[in-house]
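**Q** Can you read through this structure? Questions will come right after.
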Amino acid sequence: MENQIIYLDNNATTPMAEEVVAAIADANALFGNASSMHSYGREAAYAVEQARARVAELIECDPEEIVFTSGASEANNTVFSIFRDIIDLGSKRNRIVTTTIEHPSIVETVKFLRSRGYAIDEVPVDRTGMVSLDVLATYLGEDVALVSVMTGNNEIGTIQPIAEIAKMAHAVGAFMHTDATQAIGKIPVTMKSWGVDYLSLSGHKFYGPKGIGVLAARKKAPFEAFVHGGHQEGGKRAGTYNTPSIVGLGVASEIAMRDLESEHARLWHLREMLRIGLEERIPNIVVNGNQDHCLPGTLDISFPSAEGESILLYLDMEGIMVSTGSACASGSLEPSYVLLASGVDIELAHGSIRFSFGRYNTEEEVLYVLEKMPPIIKRLRGMSTR
Ligand SMILES: *Cc1c(COP(=O)(O)O)cnc(C)c1O
């Protein structure tokens with residue numbers, strides 16, 4: 001068990017599945033431009049359309065509703081850009097409602113748009129990171145154009161009641177977007193049953209390639225290109241098709257559908273094994289997020305009187321890779337904004353570690369972490385002046 005590498009940062013990114021790597025290698029040979037009318041072009045276009053059908057099946061929408069993007073950040077930015085445009089054109093609906101714990105690709109977009117004078121409300125969440133429907137209701141009215149709430153949080157794993165929120169958005173005539181990036185392959189994701197108008201996802205969070213994602217938009221939902229140029233994607237997103245990555249995303253979608261149930265159970269088992277084991281071995285720890293509505297592979301824990309960054313570095317020396325707060329906050333000593341927005345106090349937020357499991361983790365790895373973790377925390381707490 002010594003000198004092994006244990007990757008427990010699957011919410012930051014995942015390794016590509018072998019089947020995905022193989023499919024991309026094959027698709028690299030399809031170098032034709034998928035927009036070309038000759039046979040090389042048509043071969044590539046066929047591969048793109050096959051992948052589109054697989055993604056559509058994964059999230060239960062029509063293939064024509066899928067728009068390939070460079071990732072979920074672009075997909076999220078596209079949605080906010082569509083509504084910025086609608087507001088610019090003088091719509092009486094001129095407010096956007098979102099939450100305080102969205103991914104930075106939304107949080108920073110909100111900051112930017114606010115600095116330009118747009119009215120955007122961020123609904124607060126409770127101690128478990130959950131949006132209260134009663135609180136949300138007080139933000140909704142006839143002036144709201146868009147409601148954007150993420151499906152599952154990347155740091156603490158809290159899963160929001162998206163179908164109920166979509167119903168409330170529609171009741172006041174607003175459109176509904178959800179960033180489902182962390183939910184894909186872990187819980188059932190369905191545009192149809194949830195009734196959402198826009199959904200974002202990203203390939204590299206579920207064993208697909210980096211730099212490819214999707215914005216799915218219902219046919220009745222407004223759409224305006226974020227990237228203008230060629231006629232790709234019916235004019236909704238310009239740029240030559242990234243055929244190999246799109247094919248890889250299609251295969252990743254197929255795997256996610258095939259393994260959904262077994263992976264959900266397996267990830268939750270590993271997560272609970274680690275949670276219970278840590279609670280038994282280390283006094284005074286706090287589990288963050290909502291334990292009843294949680295992504296199965298996410299475990300965020302605060303270790304009072306120990307610094308998250310120090311824990312991370314000590315674990316790294318043992319070959320165990322985890323994260324503190326959001327990946328975007330690492331490198332700085334800012335505590336996680338998601339934890340602060342959930343009302344976790346600043347000292348607890350500073351001592352938080354996110355373990356995120358994926359399809360290649362095993363029980364043996366959990367046992368190894370359970371062996372390495374207690375002495376690290378003991379040592380750091382001994383050094384703490386707090
Ligand atoms: C990773 C992530 C994103 C960004 O996806 P990219 O494809 O890397 O741009 C957006 N939202 C959530 C919830 C994520 O976890």
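The values are calculated or read from the model by the stated rules, or taken from the named source; none is laboratory data. Bear in mind that the values here come from a model prediction, so they are computed numbers and not experimental data. Virtual Cβ from ideal backbone geometry, glycine too; neighbours counted across all protein chains shown. The protein model used for the area step is the full one, side chains on, heavy atoms only, and it has no ligands, DNA or RNA in it. Shrake-Rupley method; radii C 1.70, N 1.55, O 1.52, S 1.80 Å.
**Q** Label-point separation (nm) for TYR360 and GLU19, each offset 7 Å from Cα along Cα-to-Cβ?
**A** Label-label distance for TYR360 and GLU19, simple model: 1.7 nm.
**Q** Keeping all protein chains in place, calculate the accessible area per residue for segment 18-255 (probe 1.4 angstrom), answer in Å². Display every interim value, and only then the final one.
**A** Values: 9320 Å² over 238 residues.
Value for segment 18-255: 39 Å² per residue.
**Q** For helix 363-383, what angle does its Cα long axis make with the longest principal axis of the chain, in degrees from 0 to 90 and rounded to 10?
**A** The helix 363-383 is inclined about 60 degrees to the chain.
**Q** Here is a further query. Suppose R0 equals 45 Å. What FRET efficiency, 1/(1 + (r/R0)^6) with r the Cβ-Cβ distance, do LEU367 and ALA137 give to the nearest 0.05? Kindly include the intermediate steps, with their values, before the conclusion.
**A** Numbers: r = 46 Å, r/R0 = 1.02.
Taking R0 as 45 Å, the efficiency between LEU367 and ALA137 is 0.45.
**Q** Quote to one decimal, in nm, the extra length available between ALA53 and ARG127 on full extension: 0.36 nm per residue of separation minus the C-alpha distance between them.
**A** 22.7 nm
**Q** Against the longest principal axis of the chain, how steep is helix 72-88, in degrees 0 to 90 to the nearest 10, with axes from Cα atoms?
**A** 60
**Q** Oh, and also: Label-point separation (nm) for LYS210 and GLU347, each offset 7 Å from Cα along Cα-to-Cβ?
**A** Label-label distance for LYS210 and GLU347, simple model: 3.8 nm.
**Q** Right, next: If you filter segment 33-105 for GluC sites (Glu not before Pro), then keep DSSP loop positions with at most 15 other Cβ within 10 Å, what is left? Spell out each step's value before the answer.
**A** Numbers: sites: GLU43, GLU49, GLU57, GLU60, GLU64, GLU65, GLU74, GLU102; in loops: GLU60, GLU102.
Loop-located and lightly packed - GLU60.
**Q** Excluding VAL247 itself, calculate the net charge of residues whose Cβ lies under 14 Å from the Cβ of VAL247, where each Lys or Arg counts +1 and each Asp or Glu counts -1.
**A** So the surrounding residues net to -3.
**Q** For the chain, what is the mean residue ellipticity at 222 nm derived from helices alone (per DSSP H run of n ≥ 4: -39500 (n - 2.57); sum divided by total residues; nearest 500 deg cm²/dmol)? Kindly include the intermediate steps, with their values, before the conclusion.
**A** Working: 12 runs with 159 residues, N = 386.
When only DSSP H runs of four or more count, the value is -13000 deg cm²/dmol.
**Q** Kindly express, to the nearest 10 degrees and within the range 0 to 90, the angle between helix 104-115's C-alpha long axis and the longest C-alpha principal axis of the chain.
**A** Approximately 70 degrees, to the nearest ten.
**Q** Need one word for segment 18-255: rounded, prolate or oblate. Basis is the Cα gyration tensor (sqrt eigenvalues a ≥ b ≥ c); a/c below 1.5 gives rounded, then a/b vs b/c decides. Please report the intermediate quantities before stating the final value.
**A** Working: a/c = 2.21, a/b = 1.61, b/c = 1.38.
Judged from the Cα gyration tensor, segment 18-255 comes out prolate (a/c at least 1.5, a/b above b/c).
**Q** Compute the signed sum of charges (Lys and Arg +1, Asp and Glu -1) over the other residues within less than 14 Å, Cβ to Cβ, of PRO222. Let's see the in-between values first.
**A** Details: positive: ARG84, ARG93, ARG218, LYS219, LYS220, LYS236; negative: GLU65, ASP85, ASP88, ASP197, GLU224.
Overall, the nearby charge balance is +1.
**Q** With all protein chains present, how much of the accessible area of the chain (probe radius 1.4 Å) comes from carbon and sulfur, to the nearest whole percent? Don't skip to the end; give the middle numbers.
**A** Values: 8810 of 16000 Å².
Heavy-atom surface of the chain belonging to carbon and sulfur, 1.4 Å probe: 55 percent.
**Q** Can you classify segment 334-384 as rounded, prolate or oblate using the Cα gyration tensor, where a ≥ b ≥ c are the square roots of its eigenvalues, rounded means a/c under 1.5, and otherwise it's prolate if a/b beats b/c and oblate if not? Write out the running numbers ahead of the final one.
**A** Details: a/c = 4.01, a/b = 1.33, b/c = 3.01.
Oblate is the answer for segment 334-384, as a/c is 1.5 or above yet b/c matches or exceeds a/b.
**Q** If each residue of separation counts as 0.36 nm, what is the full-extension length gain between THR240 and SER36 once their alpha-carbon separation is subtracted?
**A** Values: separation 204, 0.36 × 204 = 73.44 nm, distance 1.02 nm.
Here the segment from THR240 to SER36 would lengthen by 72.4 nm.
**Q** Right, here's the next one. Sum up the charges of everything whose Cβ sits under 12 Å from the Cβ of ILE376, counting Lys and Arg as +1 and Asp and Glu as -1, but leave ILE376 out.
**A** Working: positive: ARG281, LYS372, LYS378, ARG379, ARG381; negative: GLU307, ASP316, GLU318, GLU371.
Taking every other residue near ILE376 into account, the sum is +1.
**Q** Next question, about the same structure. Along Cα→Cβ, 7 Å out, is where each label goes; now give me the distance between the ones at ALA119 and ASP292 in nm to one decimal.
**A** It works out to 3.5 nm between the two label points.
**Q** Rounded if a/c is under 1.5, else prolate if a/b is larger than b/c, else oblate: which is segment 86-146, with a ≥ b ≥ c the root eigenvalues of its Cα gyration tensor?
**A** oblate
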